[in-house]
Every structure is written in C-alpha cells, then in structure tokens.
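Data block below; observations after.
The values are calculated or read from the model by the stated rules, or taken from the named source; none is laboratory data. Quick caveat: nothing in here was measured; it's all calculated off a predicted structure. Cβ placement follows ideal geometry from the backbone for every residue including glycine, while neighbour counts extend to all protein chains displayed.
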Amino acid sequence: MNSISLVIAEECDIAHAARCARNLADAIGFDKVRSCYVATAASELAANVYFHAGGGLFSAHVTDTPRGIELAATDQGPGIADVQRAMLDGFSTSGSLGCGLPGVKRLMDEFEITSEIGRGTSVIARKWCER
C-alpha cells in the first residue's frame with residue numbers, strides 16, 4: 001500500500017488518519033521519531049478538517065523522488081480569513097491552543113496552504129526520509 005484516502009466525517013476518523021499515515025511512514029523506513037511527526041501532523045490536519053469545516057478529505061501517499069510521505073487535507077468549509085495570522089502560534093478562532101497549523105509546519109519538511117473564504121482550505125505537507 002503506497003497511499004490512503006479517507007473521508008473525515010466523524011471524530012474517530014482523526015485517529016484513523018493518524019494511524020494510516022504512521023503505518024505508511026513505518027513501511028518506507030522512517031525511524032520512530034519521524035513516523036511520530038507524520039502521525040501527529042496527520043492528526044492535526046484531519047482534526048482541522050473535522051472541527052473547523054465539518055468534514056472533508058485526507059490523504060497520505062508515498063513519494064519516490066525524493067522518498068517520503070505527502071499529507072493532504074482539503075475541505076469546503078468557511079475558509080481562513082487571514083492565513084498569515086493563522087500560522088502564528090497561539091492564534092485560534094475556536095478557543096484552542098492555536099498551535100495546529102504552525103505545529104504541522106514545524107514537524108514536516110514542506111508545507112503549503114491555500115484558503116478562500118466560503119470555498120474552503122487545502123493543506124499539503126511533506127516529510128522526507130532523509131534530510
């Protein structure tokens with residue numbers, strides 16, 4: 001198995017996304033720490049889709065050149081009014097700690113986010129086997 005695609009529709013889907021992403025990372029030789037980074041990032045992305053947009057899609061797949069894992073989360077939720085501000089530690093629109101998206105960016109090697117008010121948000125994050 002080189003990829004997974006999940007619909008995030010229930011809270012239990014968050015843990016499932018994290019387990020699947022970790023299993024992919026383990027399967028391609030990530031050490032325990034890097035696999036944990038991938039699982040944590042997957043959990044944060046899936047949680048954002050569920051809690052902020054009411055659901056959406058999550059995927060993880062193995063990349064070959066360079067070798068690694070790519071996580072993607074997309075939703076058709078309300079969008080993020082100020083992406084730059086949302087990437088600051090401590091900023092939250094929901095009363096949370098405000099460390100989800102900035103944390104994903106720190107845990108992964110590459111991070112991209114696009115969002116449009118009323119249309120949704122898309123995040124792609126990548127972690128390489130060697131860095």
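Restricting attention to region 89-116, and to residues there that are at pLDDT 95 or above and in a loop (DSSP other than H, G, I, E, B), which single residue is farthest from ALA41 (Cα to Cα)?
ASP109
What are the residues in region 1-29 that are of a type in the set (S, T, N, Q), outside any helix (DSSP H, G or I) and surrounded by 15 or more Cβ atoms within 10 Å (Cβ to Cβ), if any?
Scanning region 1-29 gives no hits.
Which members of region 56-88 meet the condition of being surrounded by 17 or more Cβ atoms within 10 Å (Cβ to Cβ), of a type in the set (Gly, Ala, Ser) and outside any helix (DSSP H, G or I)?
Hits for region 56-88 are GLY56, SER59, ALA60, GLY68, ALA72, ALA73, GLY77, GLY79.
Is one or more of the residues making up region 3-11 modelled with pLDDT of 95 or more and under 12 Å from VAL123 (Cβ atoms)?
no
Residues are listed down the side, and each one gets a yes or a no for (1) free of Cβ contacts under 8 Å to residues at least 60 places away in the same chain; (2) in contact with a Gly (Cβ under 9 Å, 6 or more places away or on another chain); (3) of a type in the set (A, V, I, L, M):
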site: ALA18; (1), (2), (3): yes, no, yes
site: PHE30; (1), (2), (3): no, yes, no
site: GLY56; (1), (2), (3): no, yes, no
site: SER59; (1), (2), (3): yes, no, no
site: GLN76; (1), (2), (3): yes, yes, no
site: ILE80; (1), (2), (3): yes, no, yes
site: PHE111; (1), (2), (3): yes, no, no
site: ARG126; (1), (2), (3): no, yes, no
